1. Looking at Q69, Q83, which is the one that is within 30 Å of Q167 (Cβ to Cβ), open to solvent by 60 Å² or more (accessible area, probe 1.4 Å) and of a type outside the set (D, E)?
2. Kindly evaluate A51 against the criterion of being touching a residue at least 12 places away in the same chain (Cβ under 8 Å) and loosely packed, with under 14 Cβ neighbours inside 10 Å.
3. So which residues in segment 24-73 are of a type in the set (S, T, Y) and closer than 24 Å to Q83 by Cβ?
4. Do you know which of the residues in segment 105-158 that are of a type in the set (S, T, Y) and surrounded by 14 or more Cβ atoms within 10 Å (Cβ to Cβ) is nearest to A71 (Cα to Cα)?
5. Would you pick out the residues in segment 1-23 that are touching a residue at least 60 places away in the same chain (Cβ under 8 Å) and either in contact with a helix residue (DSSP H, G or I) (Cβ under 7 Å, 6 or more places away or on another chain) or closer than 28 Å to Q83 by Cβ (or both)?
6. When F89 is evaluated against the numbered criteria (1) in contact with a Ser or Thr (Cβ under 9 Å, 6 or more places away or on another chain); (2) in contact (Cβ under 8 Å) with a residue 24 or more places away in the chain; (3) open to solvent by 60 Å² or more (accessible area, probe 1.4 Å), which criterion, by number, is the only one it fails?
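The values are calculated or read from the model by the stated rules, or taken from the named source; none is laboratory data. Here the structure is a predicted model, which is why all the values come from computation and not from measurement. Note: ideal-geometry Cβ built from the backbone for every residue, glycine included; neighbour counts use all protein chains shown. Please note that ligands, DNA and RNA were not included when accessible areas were found on the heavy atoms of the full protein model with its side chains. Shrake-Rupley method; radii C 1.70, N 1.55, O 1.52, S 1.80 Å.
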Amino acid sequence: MSSLAADTTASMHTIFSLAGEAFKGAETLSSLNLQTLKTLMAESEESSRLAGSTGSPLELMKLQAAMLQAAPVKALAYGRQVQEVFATFDAARRAAYEESVTSAQAKLLAAVSSFFGNTPNSEKIVALTQSALDTSNKAYERMNAATKQLSETLAANVTKASETAAQASSTALAQIEA
């Protein structure tokens with residue numbers, strides 16, 4: 001098999017593999033959304049039933065405050081599950097990208113070495129090419145690290161906001177009960 005045919009086959013394999021991962025993620029996300037809707041409908045039905053059976057406005061307010069208190073915690077759990085789906089796909093995408101880049105860089109170095117193999121100072125040209133590739137790899141690694149840090153910061157902020165909302169709901173419930 002020629003090098004071009006092998007490269008094309010490898011690229012097609014990567015594309016179909018990533019498409020499969022994307023469909024798997026979409027399927028997982030769809031399943032999560034359907035389960036979330038099913039749960040919300042059941043909880044809504046239960047809270048409507050409870051609201052209809054309350055004997056006083058104070059009991060109704062307590063019921064509403066309890067539901068509001070649970071909402072941020074549930075939203076945070078849902079957000080984490082969605083984040084896991086995207087993280088799984090992102091890991092597969094990064095692995096495929098890095099494998100592709102590593103292969104392309106090795107081929108580039110081999111081509112440069114072969115092309116300049118009989119010229120004087122060819123080692124310097126190959127070393128310069130390697131240095132340029134190393135620099136681009138380091139930039140990619142820094143970008144990945146910054147992206148990961150941003151993602152972790154966002155997740156921490158969402159967690160903190162949910163905890164604050166849950167605490168505010170607890171405070172409101174305590175004031176209603178007082």
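1. Answer to the selection: Q83.
2. When the stated conditions are applied, A51 passes them.
3. T28, S30, S31, T36, T39
4. Per the criteria, the residue is S151.
5. Residues satisfying the conditions are T14, S17, L18, E21, A22.
6. So the condition that F89 fails would be (1).
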